[in-house]
1. Using θ = phi - 60° and the Karplus relation 6.51 cos²θ - 1.76 cosθ + 1.60, list the HN-Hα couplings for region 214-226 in order, rounded to whole Hz, with x at every Gly or Pro.
2. Compute the Kirkwood hydrodynamic radius of region 90-150, taking the inverse of the mean of 1/r over all pairs of distinct Cα atoms, and give it in Å to one decimal.
3. State, to one decimal in nm, how far the label point of residue 167 lies from the label point of residue 33, with both points 7 Å from Cα in the Cβ direction.
4. Could you give the length gained on full extension between residue 352 and residue 51, defined as 0.36 nm per residue of separation minus the Cα-Cα distance, in nm?
5. With the dipole of the chain worked out from charges on the C-beta (+1 for Lys and Arg, -1 for Asp and Glu) around the Cα centre, which of 138, 426, 37 lies farthest toward the positive end?
6. Where Rh is the Kirkwood radius over the Cα pairs of region 1-82, the temperature 37 °C and the viscosity 0.692 mPa s, what D in µm²/s does Stokes-Einstein return?
7. With all distinct Cα pairs included, what does the Kirkwood hydrodynamic radius of the chain come out to in Å, to one decimal, could you say?
8. Could you work out how much longer the chain between residue 157 and residue 223 gets when fully extended? Use 0.36 nm per residue separation minus the Cα distance between them, nm to one decimal.
Amino acid sequence: MNKQTASLMVIFGATGDLAQRMLLPSLYGLLRDGLMNDDLKILGTARSKHNQAAFRERVGQALARGVPSAEYDADTVQLLLERIDYTPASLGNDEEMAALHERIRELRDGVIVYHLSTAPRFYAPICEALGEAGLAGVDTRVLLEKPIGHDLASAIEINDGVTRIFDEDRVFRVDHYLGKEGVQNLLSLRFGNALFEPLWNTQHIEQVQITVAETVGVEGRGDYYDHSGAMRDMLQNHLLQLLCLTAMEPPARFEPGSVRNEKLKVLRSLRPIGAMDAGNNSVAGQYSSGAVNGQVVPSYLEELGRDSSTETFVALRAHIDNWRWSGVPFYLRTGKRMAQRCTEIYIQFRAVPHSIFAVGGAKTEPNALLIQLQPEERISLNLMSKTPGLDREGLRLSQVALDLDLRDAFDDKRRRLAYERLYLDAIEGNGTLFVRRDETEAAWEWVDGIFAGWRTAGYAPKTYQAGTWGPGSAIALTERHGHSWRE
Ligand code: BG6
């Protein structure tokens, strides 16, 4: 075992939704597959005053709900529960905090990973308390959930507070999209094949679309979501990370410094979208009632129970001002209560420079590469092919897809939760799939500029019916430039 491997993981916010739905099932998955180091202990903490037995019972219930039945093994659950401990603690309560710190000292036997799965305003105070207790030394790391703040100023404040205690190379900012198999596969596709890279630039690519569409509404998280909205909740982090991985230069190596340096260059090359072009290059929307997957669903305002101008949809036409991407639009869109759940990257190549088939009327469509990440992982390449026939009226062409279903190709491999990968990397101290401070701040800077533009232009979200692809103006965003969303 590497001496960097952690032997204690402390989860703050251990009774919260994320812990119950994702974090604990991920730890279960690692243990079940023999990937968890034998000496790893887990300490949960939160405000709720559970004792050890009550917390373990809760974890047991969460695993029964969260682990697919085919993967559920009662003995592994038992083994995991035996490694889990719980100490209640509230930040303002000195006695409880002292008890928590004491428990950490008792359990400590090497490297500690702290995972702060709480509201971001607690990150700096928790780190400070750990620092004062002497529990934030060189053999400790801290994982932070997104969003890091609400805007650039608050992100700087949080990052300053955290890095006063933990050096930057011990801070692991989670963007769970980076833990997804399909997202890492994007890197394999780009940099594990010689085929695409020569074409991956403005000479050969006409436009890129990145869509993260969800069918769910705000799922009882209205208070958080209403302060956040689609831009802060999804675009500032998940979509911009996908954009970075799609657009970045080849990193020298697959290691934290190289990968993050290249992502940062992309973020810093994003052309600002200000008040003058907010109307042309951005669309915000909010869902009204409608039907999703055949079910009638209420509007955002009904779900929230009050009035609000928060956007539940955002679409942007972004540009990366560098040599590789000059003039190529990157259309980004994300929203709740959309027609379908899908996460995909669509790359449309330029049309052939001259069609030799024009006489017969045969039309060529540009080639396109579609990388679907959710709900299915598949890659398809659209090519033109001859339509079978004797061509008495001229040759005809049809578009066909070279289709790769990654689930079929690797059907012996279990699909893992994003946190399994992220936890394993954090336990071993590998930050490649985590976000560095400068990346988060560069992303906020760009997003803040769009919000400022909206404010100056007096721009408010347009309504879209739940179960659709967003407001009509999102369609105009691409059509005005001769492009269409892939649907
Ligand atoms: C989270 C957002 O980061 O990502 C949620 O806060 C969103 O609002 C979720 O639903 C989507 O993640 P996934 O993995 O289901 O695509």
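1. Result, ordered by residue: 10, 9, 6, x, 8, 6, x, 9, x, 5, 5, 5, 5 Hz.
2. Evaluated on region 90-150, it is 12.2 Å.
3. With each label placed 7 Å out from Cα toward Cβ, I get 3.2 nm.
4. Roughly 101.6 nm would be gained on extension.
5. Checked the options; the winner is 426.
6. Rounded, D is 250 µm²/s.
7. 24.3 Å
8. Answer, rounded to one decimal: 21.5 nm.
Here, each number is a calculation from the coordinates, and none is a lab measurement. Just so it is clear, the structure is predicted and the values come from calculations on it, not from any experiment. Note that each Cβ is placed from the backbone with ideal geometry, even for glycine, and that neighbours are counted across all protein chains shown.
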